[in-house]
Amino acid sequence: MADELLDCIVVGAGISGLATAKILAASGSSVAVLDRKGLAEETSSNSLRIMHGGIRYLQQLDLFRAGRSFRDQCRIFREYGEFVRELPCLMPLERFGMKSRFPATVGSLLFRCVGFAATGALPTSRVLSRNEAEKSIPALSSLFSCGAFSWSDGQLVDPRGLVSRLAQEIESGSGSVITECEVSQIRESLKERRVLLETSIGSLFARTVVLAPGPWVQRALFPAAPYHGLKLTKAFNLVFRTSRPLPCALGVKTEHGRLLFITPRDGVTAVGTWYSQWNEPIEELKVHEEEIEQAIAECNSRLSKELFRREELAGVEAGLLPMKRVSNGEPVLFGRDETKASGRVISLLSTKYTTFLSLGERAAKEVITLLNTHS
Ligand SMILES: Cc1cc2nc3c(=O)[nH]c(=O)nc-3n(C[C@H](O)[C@H](O)[C@H](O)COP(=O)(O)OP(=O)(O)OC[C@H]3O[C@@H](n4cnc5c(N)ncnc54)[C@H](O)[C@@H]3O)c2cc1C
């Protein structure tokens, strides 16, 4: 491979890089996807695993993103249905304000219209009476004095299976997957119409490069790196062993105004996501004991129950995500995925796992345009 000039090298085999390489390999382009570690072992293995159907964007009145997210979710079910399942979700309603019965009923109708317009399929959502909601989760009936908003989201149940499938698809097309290969520098040669990548396995050459290194996109791997110095947010979930799994997912707002999602998984319950600013080196990512204690207390105080106990904590899933700015001491994440081109190098910024197919498709299209323009 060292002497070969590939159409594209994708740096980073997280979910975004794998999706990009899979689409390029299916189109017949010669492509290799490289990772300094294994496949999707960083941010992509720490997601809460919700394949968002878009309802959350309705609260911000972002109808466009709500429709697009529902379309992304439907596509995952259609193309990778064996790795996801439908996840029934509930959110307690409040007496007054945007989360009370009337706005929730209008929101449900609007969401169905937006979903139908985006895909031709109807998303599941409705407002439940107090009685119906209490019956859904009897152990937490005190949360539902004003009823609940009910909807259906997607949940990734087999992340490793999905990643292996993508790798197989790359290799059965015109692509290859290379692990334990770290890229340290990228240089574009205008004269030779190619890009040189210095890597831990030697120099590699390609006509184009897609940079999908997750948070490492803030590193200046090449002179014009558009996300050099990008600020990051630490995000983490807590995973508990439980003998009393909830029958559905539950979205609750804590006293700090944070929306927490409690999701049943196989034999465990995952709760997330907590966010805080991160100014340290990426390799030093850590969730401190005090943060864990605080997070458990915050969650239990909202549920008015000792539902989660420190001794039942089975794991902490943490990663770094792109941050836009800080508002009132809280990090504001990037709202949307992005791609930015600089010469023959396209950099990706992923904000959600859910969008891996559409983001990969966008990056692959840009590569094909570059290949056609420069051929
Ligand atoms: C706690 C948490 C909860 C989340 N929950 C959800 C959720 O419920 N639903 C949802 O849709 N999204 C969720 N997300 C967001 C989602 O996980 C990310 O947007 C997505 O996984 C990013 O994938 P990626 O491929 O861009 O990055 P990554 O998964 O970080 O992949 C980047 C890869 O690049 C490699 N790499 C880096 N530098 C180099 C280099 N120089 N050379 C070679 N390889 C390199 C890394 O090893 C890594 O494997 C969550 C994120 C976190 C952290």
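Every number in this text was worked out from the coordinates using simple rules, so none of it is lab data. Treat the numbers as computed from the prediction; the structure is a model and nothing was measured. Cβ: placed from backbone, ideal geometry, glycine included. Neighbour counts: every protein chain shown.
Explain nothing, just the number: dipole magnitude of the stretch 65-170 about its Cα centre with +1 on each Lys and Arg Cβ and -1 on each Asp and Glu Cβ, in debye rounded to the nearest 20.
Values: 15 positive and 10 negative charges, 69 e Å.
Using only the charged Cβ atoms, the result is roughly 340 debye.
Which net charge results when you count Lys and Arg as +1 and Asp and Glu as -1 among the other residues whose beta-carbon is under 9 Å from that of Cys146?
Numbers: positive: Arg95, Lys99, Arg101, Arg130; negative: Glu94.
Within the 9 Å Cβ shell, the charges total +3.
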### Query
Counting other Cβ atoms within 10 Å, which GluC sites (Glu not before Pro) in the stretch 213-300 have at most 15 and lie in a DSSP loop?
Glu255
### Query
Any idea what the relative contact order of the chain is, in percent, if you count C-alpha pairs under 8 Å spaced at least 6 apart?
23 percent
### Message
Between helix 356-374 and the chain, what is the angle of the helix's C-alpha long axis to the longest principal axis, kept within 0 to 90° and rounded to the nearest 10?
### Response
20 degrees
### Message
Which one, Ala364, Ser301, Val287, is farthest towards the positive end of the dipole of the stretch 277-375 when Lys and Arg carry +1 and Asp and Glu -1 on their Cβ?
### Response
Ala364
### Task
Before anything else, pin down the relative contact order of the stretch 148-230: Cα pairs under 8 Å, at least 6 apart, normalised by residue count, whole percent.
16 percent
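Would you mind getting me the FRET efficiency between Ile292 and His256? Use the beta-carbon distance for r and R0 = 22 Å, nearest 0.05. Display every interim value, and only then the final one.
Numbers: r = 16 Å, r/R0 = 0.72.
E(calc), rounded to 0.05, equals 0.85.
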#### Entry: Cα-based reach from Lys340 at 22 Å (exclusive), listing lysines while leaving out same-chain residues under 8 positions away
Lys22, Lys231, Lys324, Lys352, Lys365
### Summary
Taking alpha-carbon centroids only, the stretch 159-183 lies from the stretch 58-94 a number of Å equal to 26 Å
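Calculate the tail of P(r) for the stretch 260-375: the fraction of all Cα-Cα distances greater than 24 Å, expressed in %. Each step should come with its number before you reach the end.
On the way: 3136 of 6670 pairs.
Beyond 24 Å sits 47 percent of the P(r) for the stretch 260-375.
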### Query
Using the count of nearby Cβ atoms within 10 Å as a rough guide to exposure, how do Phe261, Phe77 rank from fewest to most?
Phe77, Phe261
### Message
Which one, Ala118, Leu313, Trp278, projects farthest toward the positive side of the charge dipole computed for the chain from Cβ point charges (K/R +1, D/E -1)?
### Response
Ala118
### Task
For the stretch 190-233, restrict the atom set to alpha-carbon positions and state the Rg and Dmax in Å.
12.1, 39
### Query
Taking Cα pairs under 8 Å and at least six residues apart, what relative contact order does the stretch 211-280 come out at, in percent?
31 percent
## Note on the structure
Semi-axes in Å, largest first, for the stretch 96-175 (Cα gyration tensor, √(5λ)) are 37, 19, 9
### Summary
With +1 on the Cβ of every Lys and Arg and -1 on the Cβ of every Asp and Glu, the dipole magnitude of the chain about its Cα centre, in debye rounded to the nearest 20, is 1360 debye
### Task
Summarise the long-distance tail of P(r) for the stretch 1-55 by giving the % of C-alpha pairs beyond 17 Å.
47 percent
### Query
Can you put Ser189, Ser125 in order, fewest other beta carbons within 10 Å first?
Ser189, Ser125
### Query
In which sequence would Leu128, Leu18 go, from the one with the fewest C-beta neighbours within 10 Å to the one with the most?
Leu128, Leu18
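So between Ala139 and Phe64, what do we pick up on full extension, going 0.36 nm a residue minus the alpha carbon distance? Kindly include the intermediate steps, with their values, before the conclusion.
Details: separation 75, 0.36 × 75 = 27.00 nm, distance 3.66 nm.
Stretched fully, the Ala139-Phe64 segment lengthens by 23.3 nm.
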### Query
Net charge near His52, counting Lys/Arg +1 and Asp/Glu -1 over other residues with Cβ under 15 Å of its Cβ?
+4
### Query
Using a simple spin-label model with points 7 Å from Cα along the Cα→Cβ vector, what separation in nm is obtained for Glu180 and Arg309?
4.2 nm
### Summary
For Thr233, the net charge from surrounding residues (Cβ-Cβ under 11 Å; K, R +1; D, E -1) works out to +3
### Query
Considering the dipole of the chain built from charges on the beta carbon (Lys and Arg +1, Asp and Glu -1) around the Cα centre, which of Val268, Ser342, Trp151 is farthest to its positive end?
Trp151
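Based on DSSP H runs of at least 4 residues, each adding -39500 (n - 2.57), what is the mean residue ellipticity at 222 nm of the chain after dividing by all its residues, to the nearest 500 deg cm²/dmol?
Numbers: 8 runs with 108 residues, N = 375.
Taking each H run of at least 4 residues, the total per residue is -9000 deg cm²/dmol.
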### Query
What translational D, rounded to a whole number of µm²/s, comes out for the chain from Stokes-Einstein when the hydrodynamic radius is the Kirkwood one over Cα pairs, at 10 °C and 1.306 mPa s?
73 µm²/s
